[in-house]
Amino acid sequence: MREEVNEPGSALAPSRMPVEAIVVGASTGALEALAELLAPLPASFRLPILVVVHLSPDRKSILAELLDAKCNVDVREADDKEPIEPGTVYLAPPDYHLLVEPDKRLSLSSEEPVHYSRPSVDVLFETAAEAFGPRLIGVILTGANDDGARGLKAITSAGGIAIVQTPELAHVSTMPLAALKICPEAHTLSLEEMTAFLQEFSPPQ
Amino acid sequence: MAKTTETLELSLLLEAIRGQYHYDFRGYSLASIKRRLGLARERFGCQTYSQLQDRVLHDATVFPELLGFLTVQVSELFRDPEYFRMIRELVVPHLKTYPSLKVWVAGCGAGEEVYSLAILFREEGLEERTLIYGTDINGEALKKAEAGIYDLDRIPLFTENHRKSGGKSSLSDYYTAAYGAAVFDKSLRKRTVFSDHSLVSDAVFAEVHLVSCRNVLIYFDRELQDRAIGLFKDSLSRKGFLGLGAKESLRFSRHADAFSDFSAGMRIYQKQGLA
Ligand SMILES: C[S@@+](CC[C@H](N)C(=O)[O-])C[C@H]1O[C@@H](n2cnc3c(N)ncnc32)[C@H](O)[C@@H]1O
């Protein structure tokens, strides 16, 4: 276990180009998984993290507040055309797609659901892959559908890094399995390993 | 294909649309426009944006449908009920002090936001003194707005939204159900004008007391957002109100100083005195 934690990061980190952002997709079981993944990150963590969680379109979501209370990094809902700040977690607001513009600002859209979901993981991942190219890490966590699989493939096609939660360890394995099917080159890691992995890419302050 | 080729094709396509049909999408949020044109490309069976451009230029039936892809039409009556509750509770008391009122719903789509405000203003006793302008660039949507007919299966959500907005009557008072459709009462349109107006290229057309422009600015880049917000600023009377979508704000606008937060949580702003 220990070795696996260090291996992918240290093998990749020095040789590859720096990472500018992390994108995360999760569905059923997301709150617990995100809390476990994000809470241990130190306040000094420098990378921005953009997150899509499938939620009921109920307009007011308390997910950002809940996570913010548990985390050292700032967690908030994204606003339209917001510049991305380091060390901040941005959640897609309920009922909006979250996209990354070519100038790396965030934008929102209420266009049709994708895979019955708005926000959709694919929409975030595909636009982030366009904006960040190889300087991006995509993470697929627990979930009961196949949103995110295509987006994860777009990330690796652009030269970015793909990580999928080990399916057996996920609350619901459908989303990780769907992602691995389209994107077999993804690293599979436990949440604990992911937290360590991500920290290796955080630039020094 | 090389990304730069595709980017070039995309800007040529937008240029072609502007040249031939006078709709300018060049200042729209690129990430979203790309996605939407990608869907359109599939729909028209084109491999590339260049092929789509060829179709758009030489087949006059293509553009109206393409416009449907380029303009997002998702809406609801009393969408975000809390917004309408704030209009009702905080803005209406101010509006009541004016003998006559004008309201501009910019980017009104198929009219949902206009009917919501028309119902709200009737409930609050302001209807007789108010004129509502609903504007959009999508002609099909404006026709639907004019007709005031919505699928009956959307009504439960509309009813729930209306109730949550603090509605003082029953939504069923305002429509009749027939053949799977809800037909909204013509009298709601008596003091409403729907017209074609673009926030990209057209000018201010009236002095108004309230601008409601929700979920339109998110499709614009910042420069275009600033143009639209500038129009709202020039159109609003002193101390007039500007309501935006739940995730839109003046935070990044160069006109921010001309407004003060009125209900920050709900993105309702008030135009400042002189300046
Ligand atoms: C998502 S709808 C918003 C409907 C409604 N305001 C709401 O919040 O539910 C966006 C609308 O903006 C319109 N729109 C797009 N570009 C525009 C422009 N340049 N000027 C005016 N309206 C525009 C579209 O045609 C569409 O009807």
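Report the residue count in region B:235-254 for those that are within 14 Å of chain A (Cβ to nearest Cβ) and touching a helix residue (DSSP H, G or I) at 6+ places or on another chain (Cβ under 9 Å).
Number of matching residues: 10.
Among residues belonging to region B:50-70 that are touching a residue at least 40 places away in the same chain (Cβ under 8 Å) and under 21 Å from the mean Cα position of the chain (by Cα), point out the one that is surrounded by the most Cβ atoms within 10 Å (Cβ to Cβ). Give the steps one after another, and end with the answer.
Let us first name the residues in region B:50-70 that are touching a residue at least 40 places away in the same chain (Cβ under 8 Å), namely B:50, B:53, B:56-57, B:63-64, B:66-68, B:70.
Pick out the ones that are also under 21 Å from the mean Cα position of the chain (by Cα) and you get B:63-64, B:66-68, B:70.
Details: B:Phe63: 17, B:Pro64: 12, B:Leu66: 22, B:Leu67: 19, B:Gly68: 16, B:Leu70: 20.
It comes out as B:Leu66.
Kindly indicate which of B:Glu65, B:Glu112, B:Glu89 is over 20 Å from B:Tyr269 (Cβ atoms) and not assigned by TED's automatic domain parsing to the domain that holds B:Phe44.
Working: B:Glu65 fails: not assigned by TED's automatic domain parsing to the domain that holds B:Phe44; B:Glu89 fails: over 20 Å from B:Tyr269 (Cβ atoms).
Every option except B:Glu112 fails the conditions.
Any chance region B:37-49 includes a residue that's surrounded by fewer than 20 Cβ atoms within 10 Å (Cβ to Cβ), within 14 Å of chain A (Cβ to nearest Cβ), within 30 Å of A:Ser61 (Cβ to Cβ) and over 20 Å from the mean Cα position of the chain (by Cα)?
Yes, region B:37-49 contains a residue that is surrounded by fewer than 20 Cβ atoms within 10 Å (Cβ to Cβ), within 14 Å of chain A (Cβ to nearest Cβ), within 30 Å of A:Ser61 (Cβ to Cβ) and over 20 Å from the mean Cα position of the chain (by Cα).
Could you tell me which residue of region B:221-234 is farthest from the other protein chains (Cβ to nearest Cβ), considering only residues that are within 14 Å of B:Lys271 (Cα to Cα) and in contact with a Lys or Arg (Cβ under 9 Å, 6 or more places away or on another chain)? Before you say what the answer is, go through the steps one by one.
Filtering region B:221-234 for residues within 14 Å of B:Lys271 (Cα to Cα) gives B:229-234.
Filter once more, so that each one left must be in contact with a Lys or Arg (Cβ under 9 Å, 6 or more places away or on another chain): B:229-230, B:232-233.
Working: B:Ile229: 12, B:Gly230: 16, B:Phe232: 16, B:Lys233: 18 Å.
Checked region B:221-234; the qualifying residue farthest from the other protein chains (Cβ to nearest Cβ) is B:Lys233.
If I ask for residues that are within 13 Å of the ligand (Cβ to nearest atom) and farther than 14 Å from B:His197 by Cβ, which ones from region B:114-149 would you list?
B:Tyr115, B:Ser116, B:Leu117, B:Glu140, B:Lys143, B:Lys144 - these are the residues of region B:114-149 that are within 13 Å of the ligand (Cβ to nearest atom) and farther than 14 Å from B:His197 by Cβ.
Would it be correct to say that A:Leu106 is touching a Leu at 6+ places or on another chain (Cβ under 6 Å), farther than 18 Å from A:Gly29 by Cβ and within 14 Å of chain B (Cβ to nearest Cβ)?
Working: touching a Leu at 6+ places or on another chain (Cβ under 6 Å): no; farther than 18 Å from A:Gly29 by Cβ: yes; within 14 Å of chain B (Cβ to nearest Cβ): yes.
In short, no.
Could you tell me which numbered condition B:Glu113 fails, if it satisfies all but one of (1) more than 18 Å from B:Asp173 (Cα to Cα); (2) surrounded by 22 or more Cβ atoms within 10 Å (Cβ to Cβ)?
Unmet for B:Glu113, out of (1) more than 18 Å from B:Asp173 (Cα to Cα); (2) surrounded by 22 or more Cβ atoms within 10 Å (Cβ to Cβ): (1).
Looking at A:Ser173, A:Ser202, A:Ser109, can you tell me which residue is without any contact (Cβ under 8 Å) to a residue 40 or more places away in the chain, of a type in the set (Ser, Thr, Tyr) and farther than 22 Å from A:Glu32 by Cα?
Values: A:Ser173 fails: farther than 22 Å from A:Glu32 by Cα; A:Ser202 fails: without any contact (Cβ under 8 Å) to a residue 40 or more places away in the chain.
Result: A:Ser109 is the single residue among A:Ser173, A:Ser202, A:Ser109 that is without any contact (Cβ under 8 Å) to a residue 40 or more places away in the chain, of a type in the set (Ser, Thr, Tyr) and farther than 22 Å from A:Glu32 by Cα.
Of everything in region A:59-96, what is at the interface with chain B (Cβ under 8 Å from one of its Cβ atoms) and within 15 Å of the ligand (Cβ to nearest atom)? Give them in sequence order.
Hits for region A:59-96 are A:Arg59, A:Asp80, A:Pro93, A:Tyr96.
So which residues in region B:137-159 are out of contact with any Asp or Glu (no Cβ under 7 Å at 6 or more places or on another chain) and touching a residue at least 60 places away in the same chain (Cβ under 8 Å), if there are any at all?
Taking region B:137-159 and keeping what is out of contact with any Asp or Glu (no Cβ under 7 Å at 6 or more places or on another chain), we get B:138, B:140-141, B:143-156, B:159.
Those that are out of contact with any Asp or Glu (no Cβ under 7 Å at 6 or more places or on another chain) and touching a residue at least 60 places away in the same chain (Cβ under 8 Å): B:Asn138, B:Glu140, B:Ala141, B:Tyr150, B:Arg154.
What are the residues in region B:256-274 that are within 14 Å of chain A (Cβ to nearest Cβ) and either of a type in the set (A, V, I, L, M, F, W, C) or within 13 Å of B:Phe232 (Cα to Cα) (or both), if any?
Answer for region B:256-274, where residues must be within 14 Å of chain A (Cβ to nearest Cβ) and either of a type in the set (A, V, I, L, M, F, W, C) or within 13 Å of B:Phe232 (Cα to Cα) (or both): B:Ala256, B:Ala264, B:Met266.
Restricting the search to region A:179-205, which residues are farther than 21 Å from A:Cys71 by Cα and more than 16 Å from the chain's Cα centre (by Cα)?
A:Lys181, A:Ile182, A:Pro184, A:Glu185
List every residue pair whose Cβ atoms lie under 6 Å apart, where the two residues are 6 or more positions apart in sequence or sit on different chains, the first residue falls within region B:95-109 and is within 14 Å of chain A (Cβ to nearest Cβ), and the second residue, located anywhere, is hydrophobic (A, V, I, L, M, F, W, C) and within 16 Å of the ligand (Cβ to nearest atom).
From residues that are within 14 Å of chain A (Cβ to nearest Cβ), the pairs are B:Gly107/B:Cys213; B:Gly107/B:Val216; B:Gly109/B:Ala141.
Among the numbered criteria (1) in a helix (DSSP H, G or I); (2) closer than 23 Å to B:Phe220 by Cα; (3) at pLDDT 95 or above, which single criterion is violated by B:Glu76?
B:Glu76 satisfies every listed condition except (1).
Evaluate the following for B:Arg85: is it within 14 Å of chain A (Cβ to nearest Cβ), crowded, with 16+ Cβ neighbours inside 10 Å, away from the ligand (no atom under 11 Å from the Cβ) and touching a residue at least 12 places away in the same chain (Cβ under 8 Å)?
Working: within 14 Å of chain A (Cβ to nearest Cβ): yes; crowded, with 16+ Cβ neighbours inside 10 Å: yes; away from the ligand (no atom under 11 Å from the Cβ): yes; touching a residue at least 12 places away in the same chain (Cβ under 8 Å): yes.
In short, yes.
Can you tell me how many residues within region B:227-275 are within 16 Å of A:Glu82 (Cα to Cα) and part of a loop (DSSP other than H, G, I, E, B)?
Residues flagged as within 16 Å of A:Glu82 (Cα to Cα) and part of a loop (DSSP other than H, G, I, E, B) within region B:227-275 amount to 11.
I need every pair where a residue in region B:71-82 that is more than 9 Å from every other protein chain (Cβ to nearest Cβ) has its Cβ under 6 Å from the Cβ of a residue that is near the ligand (Cβ under 6 Å from one of its atoms) and polar (S, T, N, Q), sequence separation at least 6 or different chains.
Every condition considered, the pairs that remain are B:Thr71/B:Asn138.
Exactly one condition in (1) in contact with a His (Cβ under 9 Å, 6 or more places away or on another chain); (2) among the acidic types (Asp, Glu); (3) more than 8 Å from chain B (Cβ to nearest Cβ) is false for A:Glu111; which is it?
Unmet condition: (3).
For region B:219-230, state whether one or more residues are surrounded by 13 or more Cβ atoms within 10 Å (Cβ to Cβ), over 30 Å from B:Lys34 (Cβ atoms) and either modelled with pLDDT under 95 or assigned by TED's automatic domain parsing to the domain that holds B:Gly107 (or both).
Start the filter on region B:219-230 by keeping residues that are surrounded by 13 or more Cβ atoms within 10 Å (Cβ to Cβ), which leaves B:219-222, B:224-230.
Then keep just the ones that are over 30 Å from B:Lys34 (Cβ atoms); that gives none.
Checked region B:219-230: no residue is surrounded by 13 or more Cβ atoms within 10 Å (Cβ to Cβ), over 30 Å from B:Lys34 (Cβ atoms) and either modelled with pLDDT under 95 or assigned by TED's automatic domain parsing to the domain that holds B:Gly107 (or both).
Need the failing condition index for B:Cys213 against (1) more than 15 Å from the ligand (Cβ to nearest atom); (2) in contact with a strand residue (DSSP E or B) (Cβ under 7 Å, 6 or more places away or on another chain), just the number.
B:Cys213 satisfies all of (1) more than 15 Å from the ligand (Cβ to nearest atom); (2) in contact with a strand residue (DSSP E or B) (Cβ under 7 Å, 6 or more places away or on another chain) except (1).
Being within 19 Å of B:Glu124 (Cα to Cα), in contact with a Phe, Trp or Tyr (Cβ under 8 Å, 6 or more places away or on another chain) and not in a strand (DSSP E or B), is that true of even one residue in region B:187-202?
yes
The values are calculated or read from the model by the stated rules, or taken from the named source; none is laboratory data. In this text the structure is predicted, and so the values were computed from the model without any measurement. Heads up, the Cβs are rebuilt from the backbone with ideal geometry, glycines too, and the neighbour counts pull from every protein chain shown.
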